[in-house]
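Notes follow once the structure below has been shown.
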Amino acid sequence: MSTSLEATSTRLTNIERDSLNAQLERDGYVILPQKLPDDLMADVLEAIDRISAQIRAADPATTSIKQQNCVDLDPAFLRLVMYEPALQLTYDAFGAMFHLNQSNFVSRVKEAEDLSNFVTSSPWHADGPRPNLFPAVNGAMGLHYLKFGYFLTDLTHGTGGSLQIVRGSHTHLELDGKGKNFNIEDYADDFVQIDCEAGTVVAFHQAQWHAAPPNLSDIERKNVYVSYCPTWMRPVDREFPTEEQIAGLTPEERWILGEPRPAQRWWIPNKDDLNRMSRFKRDE
Ligand SMILES: O=C(O)CCC(=O)C(=O)O
């Protein structure tokens, strides 16, 4: 398994970036034009299966699994975190000053019961610190992090517990402030269920309302969520690494994982910091 950089074949063109960013701004989510490369998908699936088997062996009562901070568990997840199109779109959102906010995988088997516990299924919500602790700007939450869903198994059959979203909801406060009185039927016109093919990559705004019902099929749903935030935000599911933990990684990987540095450089980059992220800028 390698941590080498992705081949340029999945790199987004400037035209694609413009179109994806416009859709993201309008709808709060967008499906990337290319599927994950086969070799990357195979490596990530192999890691999910191996780690899930270990978890289930340790506790045979385990059914579905949500593994936080998976980037620390296998190099395949770091390769995914470094997926070039995601880093290009995140660069468009935040410039060079962003890093990994979270990485988790979900391995969701057929479930008899809907526990709405974010493992067997996820209830309607928008991400972020609760309750509504991200600042609202002009009545909406700004973009504080950009999240990518990598769907690694077939969901086209429609019963696998696909990600659901309310289109355009990122411009509203979470669930329009309705809390327990929220009813998705009221938003039927903008309801989207992403019953996608294996390898599909979806980007979404952290304020987007989303949910996932239980998996009712015999096909285990396996996917990874990765999000990136500005470097002045602390990651949600991990501590920053020590020098020892990131020894041997590339300058880009070190930056994305949050290499140790003096306090001010989390806010003000030096020239080298900007240069090492320059691969993700728009093409000249
Ligand atoms: O279960 C899912 O796929 C949705 C995950 C989710 O809601 C989240 O990560 O915030």
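The values are calculated or read from the model by the stated rules, or taken from the named source; none is laboratory data. This is a predicted model, so every value here is computed, not measured. Using ideal geometry, Cβ is built from the backbone for each residue, glycine included, and neighbour counts are taken over all protein chains shown. Only protein heavy atoms, including side chains, enter the accessible area calculation; ligands, DNA and RNA are left aside. Shrake-Rupley method; radii C 1.70, N 1.55, O 1.52, S 1.80 Å.
Return a yes/no flag: does the stretch 174-184 have any residue that is closer than 22 Å to Ala96 by Cα, open to solvent by less than 50 Å² (accessible area, probe 1.4 Å) and out of contact with any Phe, Trp or Tyr (no Cβ under 6 Å at 6 or more places or on another chain). Outline the logic, then answer.
Looking only at the stretch 174-184, we keep the residues that are closer than 22 Å to Ala96 by Cα, and these are none.
No, the conditions are met nowhere in the stretch 174-184.
The set of residues from the stretch 191-213 being under 24 Å from Gly179 (Cα atoms) and in contact with a helix residue (DSSP H, G or I) (Cβ under 7 Å, 6 or more places away or on another chain) comprises Phe191, His205, Ala207, Gln208, Trp209. Any chance the stretch 79-89 includes a residue that's within 13 Å of the chain's Cα centre (by Cα), among the β-branched types (Val, Ile, Thr), part of a strand (DSSP E or B) and surrounded by 19 or more Cβ atoms within 10 Å (Cβ to Cβ)? For the stretch 79-89, residues within 13 Å of the chain's Cα centre (by Cα), among the β-branched types (Val, Ile, Thr), part of a strand (DSSP E or B) and surrounded by 19 or more Cβ atoms within 10 Å (Cβ to Cβ): absent.
Restricting attention to the stretch 169-201, the residues that are within 18 Å of the chain's Cα centre (by Cα) and within 22 Å of Phe134 (Cβ to Cβ) total 2. Selection of the stretch 91-120 for residues being within 18 Å of Val226 (Cα to Cα), of a type in the set (Ser, Thr, Tyr) and either open to solvent by less than 20 Å² (accessible area, probe 1.4 Å) or more than 17 Å from the chain's Cα centre (by Cα) (or both) yields Ser103, Ser107. Would it be correct to say that Ser103 is under 30 Å from Asp273 (Cβ atoms) and within 16 Å of the ligand (Cβ to nearest atom)? Criteria met by Ser103. Might you let me know whether the stretch 34-41 holds any residue that is among the hydrophobic types (A, V, I, L, M, F, W, C) and open to solvent by 40 Å² or more (accessible area, probe 1.4 Å)? Within the stretch 34-41 (the criterion being among the hydrophobic types (A, V, I, L, M, F, W, C) and open to solvent by 40 Å² or more (accessible area, probe 1.4 Å)), the answer is no, since none of the residues qualifies. Consider the stretch 55-66 and keep the residues that are within 12 Å of the ligand (Cβ to nearest atom) and not aliphatic (A, V, I, L, M). The one that is most open to solvent (accessible area, probe 1.4 Å) is Lys66.
Results for (1) over 22 Å from Ser116 (Cβ atoms); (2) of a type outside the set (Asp, Glu), shown as yes or no for each residue.
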{"position": "Ile48", "(1), (2)": "yes, yes"}
{"position": "Ala57", "(1), (2)": "yes, yes"}
{"position": "Thr62", "(1), (2)": "no, yes"}
{"position": "Ala76", "(1), (2)": "yes, yes"}
{"position": "Tyr83", "(1), (2)": "yes, yes"}
{"position": "Asp92", "(1), (2)": "yes, no"}
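Can you report the number of residues in the stretch 225-284 which are small (Gly, Ala, Ser) and either without any contact (Cβ under 8 Å) to a residue 24 or more places away in the chain or out of contact with any Ser or Thr (no Cβ under 9 Å at 6 or more places or on another chain) (or both)?
First pass over the stretch 225-284, keeping only residues small (Gly, Ala, Ser): 227, 247-248, 258, 263, 278.
Retained after the next criterion (residues that are either without any contact (Cβ under 8 Å) to a residue 24 or more places away in the chain or out of contact with any Ser or Thr (no Cβ under 9 Å at 6 or more places or on another chain) (or both)): 247-248, 263, 278.
The qualifying residues number 4.
Here are the criteria: (1) under 22 Å from Gly258 (Cα atoms); (2) touching a Lys or Arg at 6+ places or on another chain (Cβ under 8 Å). Tell me which single one Thr153 does not satisfy. Checking Thr153 against (1) under 22 Å from Gly258 (Cα atoms); (2) touching a Lys or Arg at 6+ places or on another chain (Cβ under 8 Å), the one that fails is (1).
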